Every structure is written in C-alpha cells, then in structure tokens.
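One structure below.
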Amino acid sequence: MKTTKKLLDKVRILDMTNVLSGPFATMHLALLGAEVIKIENPEDGDLARKLGNVPKLNDQLMGTSFLAQNANKKSVTLNLKEPEAREIFKKLVKTADVLVENFRPGVMDRLGLSYKSLCDVNPKLIYCAISGFGQTGPDALKPAYDQIIQGLSGTMAVNGDERLNPLRAGFPVCDTVGGVNAAFAIMSALYYREKTGEAQFIDIALLDSIMPLMGWVAANLLIGGEQPQLLGNDNFTAAPSGTFLTKDGYVNIAANKQEQWEAVTEELGLPELKTDERFQKRDQRKKNRKELTKILEVKLKEKPTAHWVEVLNKRGVPSGEILGLEAALKAPQVIHRNVIQTVREENIGEIKIFNLTAKFEKTPGGVETPPPRLSAHTEEILGQIGYSSDDVKRLKEKGVL
C-alpha cells in the first residue's frame with residue numbers, strides 16, 4: 001500500500017496557544033502533517049475547551065470552539081509555574097522545530113522561557129509569538145480580543161451603511177487572519193532554515209495582520225485621498241455590483257466589467273440604459289448607483305432569484321444566491337471539494353470540522369485524528385524524552401503535569 005507523503009513530515013511544533021489565532025495557525029500546520037503538541041495547563045487547558053453552545057461538551061473540556069481547530073494535534077499538560085515542568089518543557093524544546101505562543105508580551109520572559117533562553121537550548125528553534133499589537137510599540141502590552149482589533153483597525157468603521165455603522169464582522173476575522181499570517185510566516189521560516197540552517201523569531205500582531213486585507217479601501221484613502229463610503233452590501237469598485245431585491249428574496253450580482261454591465265441590461269430588458277448618460281461608464285454608474293439600483297430592482301422583482309442566477313451566469317455575469325450558513329455548508333460544491341471532514345471522537349461520536357482547503361497534488365493533507373482530550377498524550381510524549389510511566393504518575397501527583 002502506497003504511503004501518502006506529508007508536506008511537513010517530521011516537523012515538530014510545540015503549540016502553547018489558546019482560543020483562536022494560535023490554534024488556527026497550528027491547525028493548518030497539523031493538517032499538513034506536522035506533529036503539533038499542545039502544551040496546556042493541567043487544570044483546564046486551552047480556554048476554547050470551555051467555549052461553545054453545547055454545555056455538555058464544555059463540561060468535558062471539549063467545547064465546539066476547541067473542536068473546530070485542534071484536529072490532528074496531541075495534548076500534553078505542564079504546569080509551567082513549577083520548576084520541574086519548565087525543565088521538562090526545555091527537554092521538549094530540544095526536540096522541536098517550532099514553538100508558537102500567543103501570550104501577552106513578557107509572559108514567557110517571566111517564566112524564564114524567553115526566546116533567547118530557548119535558543120540556547122535549541123539554536124534551530126523557530127519561535128513565533130502572536131499577540132494583539134506585536135512585541136513592540138506603545139500598545140504592545142495592552143490586552144486584546146478580536147473585537148478590540150476590529151475596532152482599532154478600521155474594520156468596523158468600513159462595514160455597514162448609514163443605518164448601521166460601526167459594524168463588526170460576523171466571525172472573529174482578525175483572530176483568524178492573524179492565524180493565517182502566522183502559519184504563512186512559520187512555513188516561510190522553515191523554508192529559510194532549510195536553505196540557510198538559521199532559525200529566527202517571528203513577531204505576529206493581529207492589528208498588523210488585518211489591515212492589509214483592506215488594501216483597496218485603504219489605497220483609495222492613502223493614494224486617492226477619498227474616505228471610505230458606507231455602501232453596505234454594494235461593492236465600491238463598480239455598479240451594479242452588490243445585493244439586489246428579487247421576487248422571492250435577494251441576489252448578488254457583480255457586473256464589474258463593461259461587457260457584464262451591458263449583458264445585465266439585455267437580460268433585464270433594459271438595453272436603453274447602455275446609452276443613458278448616467279450609466280454609460282463605470283464611474284458614472286458608481287456616482288448614480290442608488291438611482292440605478294431602483295431601476296434594476298423593478299425588473300429583478302418580476303422573477304425569483306434562481307432565474308436571475310441562471311440567466312446572468314450564462315451571460316458571464318457573476319451572480320449567486322445569498323445562502324444561510326447551514327445551506328452554504330451543505331452546498332454541492334462545498335461537499336465536492338471536501339471542505340468539511342467527518343472524524344470520530346471516542347466519547348462524542350462523529351464530529352464535522354473544516355478540512356485542509358489547499359489541494360496538494362503530491363502531498364495532500366487533511367483531518368486524520370480528532371481534537372485531543374486534555375493531557376491525552378502526556379505519557380507518550382514524555383516517554384520519548386526519557387520519563388517512565390512511574391515518573392509521569394509521580395509528576396502528576398506533584399501537580400507538575
């Protein structure tokens with residue numbers, strides 16, 4: 001039987017992160033085949049273990065928030081306030097390629113586990129620190145959660161319209177993007193180390209990570225001198241491009257090219273709009289978008305969404321329904337792409353979690369094992385560095401593990 005190659009085979013990552021940004025980063029590395037060992041406090045582990053909408057799972061320290069982003073990982077518990085635990089940790093560092101943490105700056109230093117001290121233990125250790133504001137600067141020591149960063153980054157200010165603004169994104173976008181940025185950076189550092197033999201420190205800030213995602217909006221201000229417009233579901237780059245009323249609901253239409261705009265006029269039976277001075281060119285349509293929307297919706301409300309999606313897509317005009325989350329998760333395209341994977345956890349049963357969404361031809365990855373129970377791998381991992389079962393039992397009794 002042919003063994004599938006793993007992109008990050010034999011890469012060991014010590015994951016000291018909690019909640020979202022860090023675990024999201026290390027999850028992607030785990031899906032690519034890295035051995036990710038979560039280092040958790042013995043009392044209750046990653047805070048996400050208690051977060052979710054199923055109280056029974058929260059009580060088991062297997063909350064839905066934890067299940068969402070910890071597949072393929074192992075769990076080891078260490079009370080790093082204990083000197084003996086710190087010695088064990090350093091022994092693990094000797095075996096590791098990467099360490100990831102998302103504490104506030106200074107926490108690891110106070111534990112005596114600074115980047116410099118760990119480099120003395122393992123000079124080839126790549127150390128990635130994720131925080132709200134980064135390791136330096138006037139705000140570095142401030143606490144931060146996703147919503148705080150959404151507010152400070154300008155993200156909330158550019159969402160919504162004149163009726164509802166500021167408006168946060170409906171999911172923790174800053175935490176998530178910070179995790180993606182960290183995973184990208186770690187992969188880059190591993191590549192650099194492979195080429196040069198040199199490890200390095202990586203400083204990831206959630207604030208830094210989210211702001212480039214607003215590149216087009218920011219460019220209009222930084223280069224064009226134009227403040228963001230509150231357009232709600234409209235796309236600021238073109239018109240008609242946004243959400244429109246139909247007979248039975250809404251449709252998204254993105255007629256971003258001139259030929260797409262002309263196809264819309266033809267399919268809606270409004271060819272005269274092609275030569276209307278208000279709508280002939282892109283910038284004119286943008287200036288008169290509210291008036292244009294009213295004209296288009298008169299026609300769009302004559303037929304259901306499904307009709308418009310079909311006829312406009314046939315004409316090369318990107319169009320689509322606006323699905324609820326449940327319908328989106330069950331969409332045929334999503335199922336075909338294996339975006340969601342089912343994995344069995346012994347005490348919970350089958351759980352559905354997101355799979356690796358990058359499709360590698362030669363080194364495919366994905367969900368193979370369920371998120372770990374707290375401390376499930378402590379004896380296994382410590383056994384690899386010379387601790388016997390009796391040692392582990394003694395250390396647990398002492399509160400070290």
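Worth a mention:
- Two numbers describe the Cα atoms of region 241-323: Rg and Dmax, which are 11.6, 35 Å.
- Neighbour-count order for 353, 204, fewest beta carbons within 10 angstrom listed first: 353, 204
- With neighbour counts taken as other beta-carbon atoms within 10 Å, the residues 354, 279, 360 rank, fewest first, as 360, 354, 279.
- Placing unit charges on the Cβ atoms only, positive for Lys and Arg and negative for Asp and Glu, gives region 80-148 a dipole magnitude near 140 debye about its Cα centre.
- Charge dipole (debye, nearest 20) of region 113-262; +1 at Cβ of Lys and Arg, -1 at Cβ of Asp and Glu: 360
- Under-5 Å amide H pairs with residue 345, H placed in peptide plane, nonlocal only: 350, 351
- Between 0 and 90°, nearest 10: helix 173-196 axis offset from the chain longest Cα axis: 60
- Using a Förster distance of 56 Å, the FRET efficiency for residue 229-residue 194 (Cβ separation, nearest 0.05): 0.75
- For region 241-323, the relative contact order is 44 percent, taking Cα pairs closer than 8 Å that sit 6 or more residues apart in sequence and dividing their mean separation by the residue count.
- Computed lengthening from residue 9 to residue 368, 0.36 nm per intervening residue step minus Cα-Cα distance: 127.8 nm
- When only the Cβ of Lys, Arg, Asp and Glu is charged (+1, +1, -1, -1), the dipole of the chain relative to its Cα centre reaches about 440 debye.
- Positive-end residue of 239, 145, 338, charge dipole of the chain with Cβ unit charges: 338
- Pairwise FRET efficiency - residue 336 versus residue 162, Cβ, R0 = 41 Å, nearest 0.05: 0.55
- Annotation for residue 104 and residue 258: the two label points, set 7 Å from Cα along the Cα-Cβ direction, are 5.7 nm apart.
- Shown here are the Rg and Dmax of the Cα trace of region 111-177, at 17.1, 57 Å.
- Fraction in percent of alpha-carbon pairs per bin - 10 Å, region 81-239: 10, 31, 28, 18, 10, 3, 0
- A simple rule links phi to the HN-Hα coupling: the Karplus curve 6.51 cos²θ - 1.76 cosθ + 1.60 with θ = phi - 60°, which for region 250-255 gives 9, 9, 8, 10, 10, 8 Hz, with x for Gly and Pro.
- Radius of gyration over Kirkwood radius for region 148-274, both on Cα atoms: the Rg/Rh ratio is 1.13.
- Quotient of Cα Rg and 2.2 N^0.38 Å for region 178-243, N being how many residues it contains: 1.65
- Estimated inter-spin distance, residue 247 and residue 301, nm [label 7 Å along Cα→Cβ]: 1.4
- Rg to Rh, two decimals, where the chain supplies the alpha carbon set and Rh follows Kirkwood: 1.06
- Taking 7 Å steps out from each Cα toward its Cβ at residue 348 and residue 59 produces label points 1.6 nm apart.
- Crossing angle, helix 83-95 versus the chain [Cα axis fit, 0-90 degrees, rounded to tens]: 70
- 0 to 90° range, to nearest 10: angle between helix 21-31 axis and the chain longest Cα axis: 80
- Spatially proximal lysines relative to residue 290 (Cα-Cα < 22 Å; intrachain offsets below 8 disregarded): 247, 257, 274, 281, 299, 301, 303
- Note on region 206-365: Rg/Rh from C-alpha atoms, Kirkwood Rh, equals 1.08.
Each value in this text was obtained by applying a stated rule to the coordinates, not by laboratory testing. From a predicted model like this one, the values you see are computed outputs, not experimental measurements. Because the Cβ atoms are built from the backbone with ideal geometry, glycine has one as well, and the counts that use them run over all protein chains shown.
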